[in-house]
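This report refers to the structure that appears directly beneath it.
The values are calculated or read from the model by the stated rules, or taken from the named source; none is laboratory data. Just so it is clear, the model here is predicted, and its values are computed rather than measured. Here Cβ is always computed from backbone atoms with ideal geometry, including for glycine, and neighbour counts include all displayed protein chains. Ligands, DNA and RNA are excluded from the accessible area calculation, which covers all protein heavy atoms including side chains. Shrake-Rupley method; radii C 1.70, N 1.55, O 1.52, S 1.80 Å.
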Amino acid sequence: MSDEPIISWKVAGVALGLLLTLATFLVSPLGVSTQFVVTDAMVTHQIAPQFAEANAYLAKYGEKENWGIGYGWMLVFGMLVGGGVTAALLRSRQPEQDQGSMPPMWQARFGPSRMKRFTAAFAGGALLLFGARLAGGCTSGHMISGISQLALSSFIFGVTTFAVAILVARFLYRKNASSEVVS
Amino acid sequence: MNTLVIGFLIGCAFGAILFLGGATSYRKILGTLRLRDMTIIKLMLTAIGVGSLGIYLLDLGGLAHMSIKPAYIWGVIAGGAIFGIGWAVSGYCPGTCVVGASEGKLDALFTLLGALFGAFLFSLAFPVLDSLLLQPANLGKVTLEDLLGIDGIYLAIPFSLALLYLAFFVLKDRYE
C-alpha cells in the first residue's frame with residue numbers, strides 16, 4: 001500500500017482551485033469558521049435564549065425565525081457528508097498511517113495515551129476557533145479564499161499562522177524530547 | 001438552483017478533495033509544519049495559484065462574488081498566532097477537523113468539539129477584544145489591487161505563476 005494520499009497534491013490543488021472559482025462565481029468563496037459560531041448560536045438560542053440574545057456575537061445568528069442556515073452552513077454540512085461518504089467508499093485505499101484516531105507520529109513522541117491525544121485535540125480545537133474568529137477566518141476563508149482574492153488581511157493571516165505553527169511544531173518535536181516518552 | 005443546495009454540493013466536493021488529498025492526515029500536516037513533507041503546502045499553493053487566476057478572470061467579466069475580509073492588523077496577527085498554535089497542537093484546521101470527524105477519527109471529533117467551545121469563548125470575549133484589537137488599526141477590506149492601484153488580473157497572473165512554480169519546481173520534501 002502506498003504511503004501517499006489517494007490523489008496527488010497536484011490533482012487535489014487544481015481541483016480545489018477550480019472549486020473555489022466555481023463557488024466564487026455561483027455564490028461566494030469557501031469558508032468554514034463562521035459556521036462554528038452559527039452552530040453555537042443555534043444551540044444557545046435553544047438552551048438559553050436570553051443569554052444568547054444578550055451576547056453581541058451570538059445574537060447575530062440562530063434566531064427561531066432565522067436559524068442562520070445559509071449557503072455557508074450547508075457548505076460545512078456538505079463537507080461532513082462528502083468527506084464521510086468518500087471515506088466510507090475509499091477507506092481501504094487510504095494510507096494505513098493516516099487511519100484511526102491515534103496518529104503514529106504523535107504516538108512516537110507523546111506515547112499511546114488516548115486521553116493525552118484527545119485532550120490536546122480539544123485544546124487545539126478551542127485555540128483554532130478562538131484565533132479564527134479573532135482574525136476573521138481560517139485556512140479556507142482566509143488562506144485559500146482570501147489570498148486568492150489578494151486580500152491584505154489574508155496575507156497577514158497566512159504569514160503569521162504559518163510562522164507560529166512551524167515554531168510550535170518545532171518545539172513539540174524538538175530533538176532531545178523523544179527520550180521523555182514513557183510508554 | 002437554490003443557494004442552499006449549491007452550498008451543500010460545493011461542500012461535498014470540498015470534503016471529498018480534503019479527504020482524498022490527505023489534508024486530514026496528522027502525518028501530512030505536521031510533516032509540512034516540520035518542513036519535511038511538503039505535500040500540504042504544495043496542495044495549498046496550487047489551489048491558491050489556480051484560484052487567484054480563476055477569480056480574477058471572473059472579475060474581468062464582473063462575475064466574481066468576492067468576499068474580502070477587513071484588515072484590522074492587530075486582531076488578524078493575534079488571531080493568526082493563536083490559530084497557528086491550535087493548528088500545530090491538534091494537527092487539524094476548522095475544515096479538516098470536520099472531514100476527519102466524518103471519517104470516524106476521534107481526535108478530529110475532539111478538535112471539532114473544542115472548536116465549538118473556542119467559538120463560544122470568543123463570543124464571550126468579543127466585547128473586550130472588539131475595542132482592544134478589532135477597532136484600532138483597521139484598514140478595511142483592502143486588496144493588493146486597491147493598495148497598488150494595479151488591475152487585479154495583472155497582479156493575479158504573475159502571482160499565480162509564481163505560486164505554481166514554487167509548488168511544482170522549487171519545494172522538495174526533506175527527510176532526515
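So, with +1 on the Cβ of K and R and -1 on the Cβ of D and E, and no other charges, what is the size of the charge dipole of chain A about its Cα centre, to the nearest 20 debye? Before the final figure, lay out the partial values.
On the way: 13 positive and 9 negative charges, 104 e Å.
It works out to roughly 500 debye.
List the GluC sites (Glu not before Pro) in the stretch A:9-75 that DSSP assigns to loop (not H, G, I, E or B) and whose Cβ has at most 14 other Cβ atoms within 10 Å. Which are they? Show your work: numbers first, answer last.
Numbers: sites: A:E53, A:E63, A:E65; in loops: A:E63, A:E65.
Answer by residue number: A:E65.
To test your reading of the geometry: what angle, between 0 and 90 degrees and rounded to tens, separates the Cα axis of helix A:71-90 from the longest principal axis of chain A?
30 degrees
Using a 1.4 Å probe on the protein heavy atoms, what percent of the accessible area of the protein assembly as shown belongs to carbon and sulfur? Write down the numbers at each step before the final one.
Numbers: 10200 of 14870 Å².
That fraction is 69 percent.
Once you charge only the Cβ atoms, +1 for Lys and Arg and -1 for Asp and Glu, what is the size of the charge dipole of the stretch A:91-164 about its Cα centre, to the nearest 20 debye?
Working: 7 positive and 2 negative charges, 53 e Å.
Its charge dipole is roughly 260 debye.
Filter the chymotrypsin sites (Phe, Trp or Tyr not before Pro) in the stretch B:127-176 to those in DSSP coil with at most 16 other Cβ atoms within 10 Å of their Cβ, and list the result.
Details: sites: B:Y154, B:F159, B:Y165, B:F168, B:F169, B:Y175; in loops: B:Y175.
Answer by residue number: B:Y175.
What would the Debye formula give as log10 I(q)/I(0) at q = 0.15, 0.19 Å⁻¹ for the alpha-carbon point model of the stretch B:1-149, no solvent?
Ignoring solvent entirely, the Cα scatterers give -1.11, -1.40.
As an exercise, take the mean of 1/r over every pair of distinct alpha carbons in the stretch B:9-48, invert it, and state the Kirkwood radius in angstroms.
Numbers: mean 1/r = 0.0954 Å⁻¹.
Mean inverse Cα-Cα distance, inverted, gives 10.5 Å.
How many square angstrom of accessible surface are buried between B and A, both sides summed, with a 1.4 Å probe and rounding to 100? Don't skip to the end; give the middle numbers.
Working: alone 11970 and 13090 Å², together 14870 Å².
Rounded to the nearest hundred, the buried surface is 10200 Å².
So if R0 is 45 Å, what FRET efficiency would A:L26 and B:S131 give, r being the distance between their Cβ atoms, rounded to the nearest 0.05?
0.75
Past the 16 angstrom mark, what percentage of all C-alpha to C-alpha distances in the stretch A:45-137 do you count?
Details: 3193 of 4278 pairs.
Here the long-distance tail beyond 16 Å is 75 percent of all Cα pairs in the stretch A:45-137.
Quick one: helix A:114-135 against the long Cα principal axis of chain A, what's the angle to the nearest 10°, folded into 0 to 90?
Compared with the principal axis, the helix lies near 40 degrees.
Once fully extended, how much extra length lies between A:L90 and A:W67, figured as 0.36 nm per residue of separation less the alpha-carbon to alpha-carbon distance?
On the way: separation 23, 0.36 × 23 = 8.28 nm, distance 3.42 nm.
Full extension of this stretch gives 4.9 nm more.
Can you tell me the alpha carbon radius of gyration of the protein assembly as shown divided by the globular rule-of-thumb value 2.2 N^0.38 Å? Before the final figure, lay out the partial values.
Values: Rg = 19.4 Å, N = 359, 2.2 N^0.38 = 20.6 Å.
Normalised by 2.2 N^0.38 Å, the Cα Rg of the protein assembly as shown equals 0.94.
Within the set B:K105/B:K141; A:K60/B:K141; B:K105/B:K172; A:K175/B:K172, which residue pairs have Cα atoms separated by over 27 Å?
Working: B:K105/B:K141 37 Å; A:K60/B:K141 21 Å; B:K105/B:K172 29 Å; A:K175/B:K172 22 Å.
Long pairs (Cα-Cα over 27 Å): B:K105/B:K141; B:K105/B:K172.
Can you give the FRET efficiency to the nearest 0.05 for A:F171 and B:D151, using r as the Cβ-Cβ distance and R₀ = 41 Å? Write out the running numbers ahead of the final one.
Working: r = 43 Å, r/R0 = 1.05.
Efficiency at R0 = 41 Å is approximately 0.45.
Report the relative contact order of chain B, percent, no decimals, based on alpha-carbon pairs under 8 angstrom and at least 6 residues apart. Numbers along the way, then the final one.
Numbers: 140 pairs, mean separation 67.1, N = 176.
Averaging sequence separation for qualifying contacts and normalising by length gives 38 percent for chain B.
Set the Förster distance to 45 Å, then compute FRET efficiency between B:R36 and A:Q50 from the Cβ-Cβ distance, nearest 0.05. Walk me through the numbers before you get to the answer.
On the way: r = 51 Å, r/R0 = 1.13.
So the FRET efficiency works out to roughly 0.30.
When N counts the residues of chain A, how does its alpha-carbon radius of gyration compare numerically with 2.2 N^0.38 Å, as a ratio?
On the way: Rg = 19.3 Å, N = 183, 2.2 N^0.38 = 15.9 Å.
Here the answer is 1.21, to two decimals.
What is the sum of charges around A:I144, taking Lys and Arg as +1, Asp and Glu as -1, for the other residues whose C-beta is under 14 Å from the C-beta of A:I144? All intermediate terms of the calculation are to be shown ahead of the outcome.
On the way: positive: B:K42, B:K69; negative: none.
Neighbour charge sum, excluding A:I144 itself: +2.
Give the accessible surface of the protein assembly as shown per residue, rounded to a whole number of Å², with probe radius 1.4 Å and ligands, DNA and RNA excluded. Walk me through the numbers on the way to the answer.
Numbers: 14870 Å² over 359 residues.
Heavy-atom SASA per residue in the protein assembly as shown reads 41 Å².
Between B:N2 and B:K141, what is 0.36 nm times their sequence separation minus the Cα-Cα distance? Round to one decimal in nm.
Values: separation 139, 0.36 × 139 = 50.04 nm, distance 2.78 nm.
Extending this stretch completely gives an extra 47.3 nm.
To the nearest 20 debye, what charge dipole does the stretch B:1-139 have about its Cα centre, counting +1 at the Cβ of each Lys and Arg and -1 at the Cβ of each Asp and Glu? Display every interim value, and only then the final one.
Details: 7 positive and 5 negative charges, 76 e Å.
In debye, rounded to 20, the stretch B:1-139 gives about 360.
Tell me, how many Å apart are the Cα centres for the stretch A:136-162 and for the stretch B:7-72?
Centre-to-centre distance over Cα atoms comes out at 10 Å.
Give the Rg (one decimal place) followed by the Dmax (whole number) of the stretch B:87-176, computed from C-alpha coordinates and expressed in Å.
Both quantities, over Cα of the stretch B:87-176: 19.6, 48 Å.
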